[in-house]
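Written out below as structure tokens is the structure these notes cover.
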Amino acid sequence: MPLLVNIDGTLCRPEEAVVSVLDRGFLYGDSVYEVIRTYKGKPFTLKEHLDRFERSAARLDIRLPDRDWLEKQIHSTIEAAGNDESYCRIIVTRGGGPITLDPTKSTGSLTVILVKEYEHFPDWMYAAGIKVHIPMIRRNPPAALDPAIKSGNYLNSILALLEARRAGFDDALMLDVLGRVTEATSANVFMYHQKKLYTPALRIGILEGVTRRLVIDLASRHGFEVEECDIFPEQFWTAREVMLTSTLKEVMPVVQIGDARVNTGKPGPMAKKLREIIQAYAHQQVNA
Ligand code: PDD
């Protein structure tokens, strides 16, 4: 199944799927979303993603459907899609109503679940690593649209990615307004230096990645030291390794940042090790 759509509990093919042009998700990006994936056909870290979904919705005062109902819909849509492994995107918008910015005028939220085949990043990408650009655009500060909210408005990341793609890079690593490293356009970042892992602290304004949390917890359990702190881009020049983490990427090595190579310009063993740890944990969890 290339793509299966669930709109408020009704399954349909994408060509039959209809959402109103008056929906506030379409008009204003007034929505929240999550992306999960399956291992062995089963959703991984669903609880953590739904917890974050609830936190995002609460910050925006968007009403989510009942959690048990939502979980059932996620499972049944994944099952109906029948993929080996699925990518699943869950979206709840503030819904429709009159054309006005006023959120109190919405007539009720809309739930859409999109399920498609999970497409693995190619092996060569993990073997070669990716190149990231540091764009001019800064990550929006938490006092504006807090990056901790996974809203449907991704323009900050889109602008950063546009700059990166135009400059010939794979992704962008955004700084905050004070010049501290925040995160990539849809992934968190880690640095490995002198036998210790470092990642930007949540307080500076980043999405609390489910994979970021897993890496912190599992790396610590495997005896690696991890520190959440301020990181400035200059620190990358002496780092042994830099890597991105996300649900879809797992752990992706970064070999170039702007014009500068990371260490030798080749992926290092730490990114590989952490990816193996995540995969082993995922398989163990879905088998439990
Ligand atoms: N993106 N930071 C941002 C801005 C993200 O959009 C994401 C996830 C992450 C990593 O979070 P997690 O480990 O929970 O996937 C960090 C998803 C994959 C997406 O939008 O497709």
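Where a number appears in this text, it was derived from the coordinates with a stated rule and is not lab data. This is a predicted model, so every value here is computed, not measured. Positions of Cβ are generated from backbone atoms using ideal geometry, with glycine treated the same way; all protein chains shown enter the neighbour counts.
Can we say Leu70 is under 17 Å from the mean Cα position of the chain (by Cα), assigned to a helix (DSSP H, G or I) and surrounded by 14 or more Cβ atoms within 10 Å (Cβ to Cβ)?
Numbers: under 17 Å from the mean Cα position of the chain (by Cα): no; assigned to a helix (DSSP H, G or I): yes; surrounded by 14 or more Cβ atoms within 10 Å (Cβ to Cβ): yes.
It is false that Leu70 is under 17 Å from the mean Cα position of the chain (by Cα), assigned to a helix (DSSP H, G or I) and surrounded by 14 or more Cβ atoms within 10 Å (Cβ to Cβ).
Condition (residue is touching a Ser or Thr at 6+ places or on another chain (Cβ under 8 Å), surrounded by 15 or more Cβ atoms within 10 Å (Cβ to Cβ) and within 18 Å of Phe121 (Cβ to Cβ)) applied to region 255-264: is it met by at least one residue? Spell out how you get there, then give the answer.
Filtering region 255-264 down to residues touching a Ser or Thr at 6+ places or on another chain (Cβ under 8 Å) leaves none.
No: region 255-264 contains no residue that is touching a Ser or Thr at 6+ places or on another chain (Cβ under 8 Å), surrounded by 15 or more Cβ atoms within 10 Å (Cβ to Cβ) and within 18 Å of Phe121 (Cβ to Cβ).
Quick one: Lys47 ticks every box in (1) surrounded by 14 or more Cβ atoms within 10 Å (Cβ to Cβ); (2) within 25 Å of Ile278 (Cβ to Cβ); (3) under 18 Å from the mean Cα position of the chain (by Cα) except a single one, so which number is it?
(1)
Which of the numbered conditions does Val189 fail, given that it passes all the others? Conditions: (1) within 18 Å of Phe121 (Cα to Cα); (2) near the ligand (Cβ under 8 Å from one of its atoms).
Here Val189 meets the rest and fails (2).
Looking only at region 205-256, which residues are within 11 Å of the ligand (Cβ to nearest atom), closer than 18 Å to Leu175 by Cα and β-branched (Val, Ile, Thr)?
Correct list: Ile206, Thr245.
Quick check: is even one residue across region 253-260 under 25 Å from Ser56 (Cα atoms) and not polar (S, T, N, Q)?
Step one: of region 253-260, the residues under 25 Å from Ser56 (Cα atoms) are none.
No, the conditions are met nowhere in region 253-260.
Working carefully through the options Thr182, Thr199, find the one that is over 19 Å from Ile277 (Cα atoms), touching a strand residue (DSSP E or B) at 6+ places or on another chain (Cβ under 6 Å) and within 14 Å of the ligand (Cβ to nearest atom).
Sole residue among the options that is over 19 Å from Ile277 (Cα atoms), touching a strand residue (DSSP E or B) at 6+ places or on another chain (Cβ under 6 Å) and within 14 Å of the ligand (Cβ to nearest atom): Thr182.
Please list, ordered by residue number, the strands (runs of 3 or more DSSP E) wholly in region 181-288 having 1 or more residues that are in contact with a Pro (Cβ under 6 Å, 6 or more places away or on another chain). I'd like the intermediate steps shown before the answer.
Working: elements: 181-184, 188-193, 196-200, 225-229, 241-246, 250-257.
Strands (runs of 3 or more DSSP E) meeting the threshold: 181-184, 241-246, 250-257.
Looking only at residues in region 235-252 that are in contact with a Phe, Trp or Tyr (Cβ under 7 Å, 6 or more places away or on another chain) and not aliphatic (A, V, I, L, M), which one is farthest from Lys195 (Cα to Cα)?
Result: Lys249.
Of the residues Leu161, Leu110, Leu175, only one is surrounded by 15 or more Cβ atoms within 10 Å (Cβ to Cβ) and without any contact (Cβ under 8 Å) to a residue 40 or more places away in the chain; which?
Working: Leu110 fails: without any contact (Cβ under 8 Å) to a residue 40 or more places away in the chain; Leu175 fails: without any contact (Cβ under 8 Å) to a residue 40 or more places away in the chain.
The unique qualifying residue is Leu161.
Any residue in region 83-106 that is within 20 Å of Leu70 (Cα to Cα) sitting within a Cβ distance under 9 Å of a residue that is of a type in the set (S, T, N, Q) and part of a helix (DSSP H, G or I)? List the pairs, counting only those 6 or more apart or interchain.
From residues that are within 20 Å of Leu70 (Cα to Cα), the pairs are Ser86/Thr77; Cys88/Thr77; Ile90/Gln73.
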